[in-house]
1. Suppose we keep just the DSSP beta bridges with both residues in the stretch 54-150; what percent of those would be antiparallel, to 5?
2. Compute the Rg/Rh shape ratio of the stretch 54-150: radius of gyration over Kirkwood radius, all on alpha-carbon atoms.
3. Which part of the stretch 111-151 falls in the paramagnetic zone of ARG78, meaning amide N under 12 Å from the point 7 Å along Cα-to-beta-carbon?
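What follows is calculated from the coordinates using simple rules that are stated; it is not laboratory data. The shown structure was predicted, so the numbers you read here are calculated from the model rather than taken from an experiment. Cβ sites come from the backbone with ideal geometry, for glycine too, and all protein chains shown count toward neighbours.
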Amino acid sequence: MGLLASATSATAPATAATAAGATAAPPARARHRALNATAVSYCQAHEVSGHGQLLFISGQVPADTDGKVPADFKDQCRLAWANVQAQLHAAGMTLDDLVKVTVFLSDRRHRQANCEVRHEILGPRSPALTIVITGIYDEAWLLEIEAVAAA
C-alpha cells in the first residue's frame, strides 16, 4: 500500500433513512492520491463506503425550463450547474454530496472558463473530476455535466 496516500477522510451528514425509520449511518469518505500518479490540483479518487443513498445524475445541459440556451459559455456553465443542483435538491441532496463529476466540453478553448465557473460553484468541494472534449448532442450546447452523489 505504499503507493497510495489518503489526503483526508471526512464523514458527510446522513440524509437517508432505513426502512425501519432510523437514520442510516453516514457514508465514510476519503480522498486518495496515488504517489506514483500525476500530481493535479483536483481530487483524483474519492472513496465512498457505507453509503445509504446513491444518485446518478444524467447529463445536465445548459437549457432552462423553456429550452432557452444562453450564448455565453460561462452563462451556459452556470445554468448546467444550476440544473445539476436542481436534480440534487429533488433527491434531498446538495453539492456537498457530489462524489464524481464529468464535464463534456464542446471545445478545449472553454477549459479555463469551465474551471473558473466550477470553482465558483463548488468552492472548496472536490469530487472526483473528469473533463472530456467531445461533440455535444445539440450544437447550441457548449457543455454538458453529469454527476454522481452519495449520502
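1. On the way: 12 of 18 bridges.
Approximately 65 percent, going by the DSSP bridge assignments.
2. That ratio equals 0.93.
3. Only 117-118, 120-121 pass the distance filter.
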